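Below you'll find the structure, written out as structure tokens, and then a few comments.
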Amino acid sequence: MLFKQARPAGLPRPDTAAWDDGGVSLYRDEGVVIRTHKLGEADRIVTVLTRRTGRVRAVAKGVRRTTSKFGSRLEPFTHVDLQLYEGRSLDIVTQAESLHPYGQRIAVDYARYTAGTAMLETAERLTPEEREPSLQLFLLLIGGLRALADGAHAPGLVLDSFLLRALAVAGWSPSLRDCARCGRPGPHRWFSVQSGGLACGECRPAGAVTAAPQSVALLGALLAGDWVVADASEPIHRREATGLVAAYLQWHVENGLRSLRMVDRTDGSARGSDDLERTAQAWRG
Ligand SMILES: [Zn+2]
């Protein structure tokens with residue numbers, strides 16, 4: 001199915017600008033929709049983390065009309081196969097086929113939804129430059145969303161595993177055995193986000209906190225994808241690991257992540273539907 005050739009004001013004409021460059025103007029890729037913005041009366045700008053092209057933003061025309069056949073395929077969490085026109089600033093979606101509508105099975109559960117939203121926001125924050133391929137992050141995101149949708153593990157564990165591995169892909173893998181400062185063989189009981197993980201008693205940087213060995217073991221399991229160990233972990237160690245992951249993430253990702261504060265850790269801390277709605281609105285724009 002093709003969009004009409006009309007274009008939003010201010011955008012380059014895809015049928016002239018791109019062709020005139022003499023380069024490839026039409027391309028296919030698969031990706032995960034990580035954000036949408038309204039554009040004009042009926043259009044949306046969709047932000048997609050693609051397998052081959054990296055993070056791209058593209059205009060999807062007419063998708064907010066009730067007659068649009070692929071509006072629902074361009075919602076956050078959806079794994080889609082896309083055909084796009086390459087534009088000067090924004091690409092134009094010309095075809096969209098849903099491969100896996102993960103959103104349907106993620107939105108039914110508040111803990112899954114908030115964890116998934118934090119994953120999407122992290123994926124966007126870790127790809128500051130558009131069109132820089134990040135295959136590993138794409139694969140992590142697909143795997144994480146699938147695990148959330150399947151309910152295979154506690155949503156909080158899936159999220160923390162995704163965050164740790166996404167940070168590792170970005171080059172910020174925490175040291176979970178030897179001292180992150182001097183390399184002294186561990187295990188150590190101090191954890192310092194500024195130093196990059198565990199720290200020995202001699203280094204013990206300012207701001208370092210103690211971490212239970214079981215919590216550190218859980219971090220290692222989540223980083224390695226060892227679900228037998230992770231699933232068997234105790235709630236108290238999950239909470240401590242979650243706190244360490246959040247601190248570590250926020251140290252590395254400037255300004256932190258607003259959606260992370262909304263995550264329902266299913267530890268009895270109820271949050272109102274107003275908060276959920278605000279998060280959803282903030283995310284959808
Ligand atoms: Zn040390």
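The values are calculated or read from the model by the stated rules, or taken from the named source; none is laboratory data. Note that the structure is predicted; figures quoted are calculated from it, not measured. Cβ sites come from the backbone with ideal geometry, for glycine too, and all protein chains shown count toward neighbours.
Scan segment 117-139 for residues that are within 13 Å of the chain's Cα centre (by Cα) and under 21 Å from residue 251 (Cα atoms) and the total you get is 13. Residue count for segment 170-222, restricted to those that are touching a residue at least 60 places away in the same chain (Cβ under 8 Å) and within 15 Å of the ligand (Cβ to nearest atom): 1.
Of the residues making up segment 180-199, those that are buried (at least 17 other Cβ atoms within 10 Å of the Cβ) and in contact with a Pro (Cβ under 9 Å, 6 or more places away or on another chain) number 12. Annotation note: Cβ proximity below 7 Å between a residue of segment 35-48 that is in the same structural domain as residue 127 (by TED's automatic domain parsing) and within 17 Å of residue 82 (Cβ to Cβ) and a residue that is in a strand (DSSP E or B) and not hydrophobic (A, V, I, L, M, F, W, C) (sequence gap 6+ or interchain) occurs for no pair.
Suppose we keep only residues that are among the small types (Gly, Ala, Ser) and buried (at least 19 other Cβ atoms within 10 Å of the Cβ) within segment 141-153. Which one would you say is nearest to the chain's Cα centre (by Cα)? Applying the filter and picking the extreme gives 144.
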